[in-house]
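Quick note: the coordinates plus some simple rules give every number you see, no bench work behind them. Just so you know, these numbers come straight off a predicted model, no measurement behind them. Please note: Cβ atoms are built from the backbone with ideal geometry, for glycine as well, and neighbour counts cover all protein chains shown.
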Amino acid sequence: MYRLVARFDINLSESSFLLFERPRTDDLCYKTTIGDFDVELCLNPDVTAYRNIQKSDASFYPENDYWATSKVRIQSVRNEDVPLPIDNEERRKYFEEREPAYRQAGLEVLNRAMLFFKYRLHNPCLSAGRYSGKGFLSPVWMDESGNKLKHSGGYGVGKSLPELGRFSVKSLSHQNDHDLEEALQNPISPNMIEELLSDGQSAVFEGNLRRAIMEIAIATETAVKQAFFAKATPAGAAYEYLEDKGRVRILVTDLISSVAKEAFGKSFREDEKSHYENIDFLFRCRNKVAHRGELTYKDDSGSVNPVDEKRLSEWWESVEILLDWLCTDNSP
């Protein structure tokens, strides 16, 4: 029996990064099993890393660097009953026949890792779950001892870092190593709200604030209405009746204020007044974007206000507060 190793050196897309807050000397290799394959994922700190100098505040990062990489190394390993041929032409065919299976095992682990970084650490602009075999370079074939049998591959380049904490961005630290290992065993299945928020976050970092406003507002509306109109409740049945009659016109801001007060004895407007105001402004801006393509909103005084990334960041924080409120015991 022959132990064969295919090593894939993967360069993520130009705007994609995996973020870390830990020493770059850490061993960032994680192992899992995919069918007959033993697969190792290495998040390479030994290739080009990036530091955001403006955010390396010693009080915020007392021990570790904040850095990122757009490089991933994956090794797919399997036992082969047929030994490696000596003849060069036969050896070429040997690798060609096996490469798709080795690639698919590595691809599965890559997509599971990207789901974790995208939906648990909120790293922006990752194409989680959508990487294809075309994104892999030709593998470096090795034996179990690491001796190269055939070589091909390389790396690319990357960009600067997003600010930690802004728009929920997190980095991989020692505390969530176990979570990543679990995600490689059991891939994450994001719900619709997580997908919408992630798309909105990526739109921010790609500079498309109008798209971000739409995605974030849709995610917020979906979360609120799911909380109030679960199908297994009388309210859910009433909602479906009104929807069938074409009479559903309930505003999100009404649901989390007067409707919540009447139904549950508390309201987001009373509990979190400033965050409620931000949610209100978010939906006013959503309407401007949807109806006129304008990235503005009117406040209560009637003044027209432009929306920039800083203002949207404040609204994002309020959305997070609202989502937490919806999950509390006393909320819908």
Discussion item. Can you compute the modelled spin-label distance between SER274 and SER127, with each label point 7 Å from Cα toward Cβ, in nm?
Written reply: 4.1 nm
Worksheet, complete the sentence: Any residue on another chain or 5+ positions along whose placed amide H is under 5 Å from the amide H of ARG3 is listed here as GLU80, GLU144
Worksheet entry | Ascending count of other beta-carbon atoms within 10 Å, so fewest first, for HIS291, HIS275 | HIS291, HIS275
Practice prompt. Can you tell me the order of 297-309, 260-272 when each peptide is scored by its average per-residue count of other Cβ atoms within 10 angstrom, highest first?
Written response: 260-272, 297-309
Response to the item:
Between SER145 and GLU206, the FRET efficiency computed from the C-beta separation at R0 = 25 Å comes out, to the nearest 0.05, as 0.05
Item to complete: Go through LYS93/LYS118; LYS31/LYS310; LYS225/LYS273 and tell me which ones have a Cα-Cα distance over 29 Å in this structure.
Response: LYS93/LYS118; LYS31/LYS310
Fill in: Cα→Cβ-extended label distance, 7 Å offset, between LEU323 and GLN226, nm
1.0 nm
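Shape of segment 156-227 from its Cα gyration tensor (a ≥ b ≥ c, root eigenvalues): rounded if a/c is under 1.5, otherwise prolate when a/b > b/c, or oblate?
Cα axes put segment 156-227 in the oblate bin.
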Fill in: Ordering of 27-37, 313-323 by burial proxy (mean other Cβ atoms within 10 Å per residue, highest first)
313-323, 27-37
Worksheet item: Mind listing the phi-derived Karplus ³J(HN,Hα) values for segment 289-302, rounded to whole Hz, using 6.51, -1.76 and 1.60 with θ = phi - 60°, and x for any glycine or proline?
Response: 5, 5, 8, 10, x, 9, 8, 9, 8, 9, 7, 5, 7, x
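Rounded to the nearest 0.05, what FRET efficiency do GLU194 and VAL304 give with R0 = 41 Å and r taken as the Cβ-Cβ distance? Could you check?
Approximately 0.80, to the nearest 0.05.
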